[in-house]
Amino acid sequence: MRTPSTPRLWTNLAASLKALGRRAEEMDAIEKALQLEPRHLSALLQKVPASRSRAMCATQCATYQNALACIPPGAEPAPAVREGAEPRQEAVEADWAVLTTELEGPLAAIRERTRRATPARVDLCLEALMGKRSCFIHSRTWMYFPELPAIEFFDREDFRGFDAVEAAGDEIRAELLRCWPPTARA
C-alpha cells in the first residue's frame, strides 16, 4: 500500500484521530504532514492544542509562530483557519509580553554598557529579538557586490539635495504629465 503524499490527507486523518482520543497517532499523522510540507498551516495549527495558560512551553510558542507566519500580512484567512489562529496569536502575544518583562532588566544593562559604542544598532537588535520590529534584509536583484554595509534604510541626511527634489515634486509631476502620452495616463 502506498503512503499518502498529500499533507491535507494527513491533517484530515489527524483530526479524525483527535476526535477518537488517539493523541499519539494524531501527532504521528501531523508529523507526516509536516514532513511533506514543513509550513503546512493546518498541520502547524493542529500540532499544539490551543492554550491560553502561561504554562505554554517555548516550543509550543515557536510552533504557533511558524503557523502564524504562513498567513500573509493583511490576508483574510478562511473561517476555520481564523478560529484556529486567533487563540494561538493571543498565546504568542502573551508569551512575548512575559518574555519581554523577564528580559527587560538584563537588556537594560546591555543597553547601558553599549550606549556609547553603537547605541542605535544595539537597540535595533534588541527590538528585533523581542519581536518589537521587523527586520528588512536586502536581497540582490542582479549583481552581488561583497562587503557593502547592511543598512536597512538610509537616513535622509545621507542624500544631499533630497529636500530640493522633494520640494519640486509637484513641478516634476506636472512636467511628466506634459510629456506622457495621453493613452498611457488612463
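If you check every pair at least six apart or on different chains, which have Cβ atoms under 7 Å apart with a residue in segment 125-148 that is surrounded by 10 or more Cβ atoms within 10 Å (Cβ to Cβ) first and a residue that is part of a loop (DSSP other than H, G, I, E, B) second?
Once the first residue is surrounded by 10 or more Cβ atoms within 10 Å (Cβ to Cβ) and sits in segment 125-148, its partners that are part of a loop (DSSP other than H, G, I, E, B) give GLU127/ARG133; ALA128/CYS135.
For GLU26, are the conditions met, namely being surrounded by 16 or more Cβ atoms within 10 Å (Cβ to Cβ), among the charged types (D, E, K, R) and modelled with pLDDT of 80 or more?
Working: surrounded by 16 or more Cβ atoms within 10 Å (Cβ to Cβ): yes; among the charged types (D, E, K, R): yes; modelled with pLDDT of 80 or more: yes.
Yes: the conditions hold for GLU26.
Are any residues in segment 39-58 at pLDDT below 75, among the hydroxyl-bearing types (Ser, Thr, Tyr) and under 20 Å from THR11 (Cα atoms), and if so, which ones? Give the derivation first.
Within segment 39-58, the first condition is being at pLDDT below 75, and the residues that meet it are 48-58.
Those left that are additionally among the hydroxyl-bearing types (Ser, Thr, Tyr): 51, 53.
Passing the criteria: only SER51.
The values are calculated or read from the model by the stated rules, or taken from the named source; none is laboratory data. These figures come from a predicted structure and were not determined experimentally. Note that each Cβ is placed from the backbone with ideal geometry, even for glycine, and that neighbours are counted across all protein chains shown.
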